[in-house]
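Undergrad: The structure that follows is given in the form of structure tokens.
The values are calculated or read from the model by the stated rules, or taken from the named source; none is laboratory data. On a predicted model such as this, the values are computed, not experimentally measured, just so you know. Cβ placement follows ideal geometry from the backbone for every residue including glycine, while neighbour counts extend to all protein chains displayed. Side chains are part of the model used for accessible areas, which takes the heavy atoms of the whole protein and leaves out ligands, DNA and RNA. Shrake-Rupley method; radii C 1.70, N 1.55, O 1.52, S 1.80 Å.
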Amino acid sequence: MKKLIILGVFFYGTHATGQTAADSAAIRTAALDYVEGFFTADTVRLARGLSPQLVKRIIDDRGGKSILGTMGQKDLIGYASAGQKMPDKNPAEPFKATINIYDIKKGIAIAKISTNKMPEFFDYIQIGRMNGEWKIINVLWAFN
């Protein structure tokens, strides 16, 4: 009986999180739409991965005093549509993004994005499932 209870708790716990392979794949797709769309100035792809209410922040202390910088979805799309592509630090290498998903539970997730093309910074993203689609809600990023 004790083993049956333990198994029941285990299966309930794994089921309650709602984490599926499809969720992980959709989170990776949204993250890649964001980072690859921004890198290549593809505004359609960039917008597809972002919530319209996105908030992207940086704590910039390079000048000796911390400043909180904030951008929204429209700002990012504006930079991309103005042709402000990210500089390619390694033109001989194909673009590669690494997406590390740390947790998925009840329609929200947290992940980290880093790339071989933009090694000077990385993004931590909070992403949520809205109307059946995973969209990036918040980004906190930093320079390496």
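Undergrad: Which of the following residues is hydroxyl-bearing (S, T, Y), under 19 Å from L140 (Cα atoms) and at pLDDT 95 or above: Y79, Y102?
TA: Working: Y79 fails: at pLDDT 95 or above.
Of Y79, Y102, the one residue that is hydroxyl-bearing (S, T, Y), under 19 Å from L140 (Cα atoms) and at pLDDT 95 or above is Y102.
Undergrad: List the residue pairs whose Cβ atoms are under 7 Å apart, where the first residue sits in the stretch 49-65 and is under 26 Å from G128 (Cβ atoms) and in contact (Cβ under 8 Å) with a residue 12 or more places away in the chain, the second is in a loop (DSSP other than H, G, I, E, B) and not hydrophobic (A, V, I, L, M, F, W, C), and the two are 6 or more positions apart or on different chains.
TA: Final answer for the pair search is I59/S66.
Undergrad: Further question on the same structure: Return yes or no: is Y124 open to solvent by 40 Å² or more (accessible area, probe 1.4 Å), hydroxyl-bearing (S, T, Y) and at pLDDT 95 or above?
TA: When the stated conditions are applied, Y124 passes them.
Undergrad: Take the conditions open to solvent by 50 Å² or more (accessible area, probe 1.4 Å) and under 22 Å from S24 (Cβ atoms) and apply them to N116. Does it pass?
TA: No: the conditions fail for N116.
Undergrad: Continuing with this model, one more query. Please specify each residue of the stretch 47-63 satisfying the condition of being open to solvent by less than 50 Å² (accessible area, probe 1.4 Å), outside any loop (DSSP other than H, G, I, E, B) and of a type outside the set (A, V, I, L, M).
TA: Across the stretch 47-63, the qualifying residues are S51, K56, D60.
Condition check ((1) open to solvent by less than 40 Å² (accessible area, probe 1.4 Å); (2) part of a helix (DSSP H, G or I)) across all residues:
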site	(1), (2)
A30	yes, yes
G37	yes, yes
R45	no, yes
T70	no, no
L76	yes, yes
G83	no, no
D88	no, no
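Undergrad: Restricting attention to the stretch 68-88, does a residue exist that is within 12 Å of the chain's Cα centre (by Cα) and under 19 Å from D33 (Cα atoms)?
TA: No, because not a single residue in the stretch 68-88 is within 12 Å of the chain's Cα centre (by Cα) and under 19 Å from D33 (Cα atoms).
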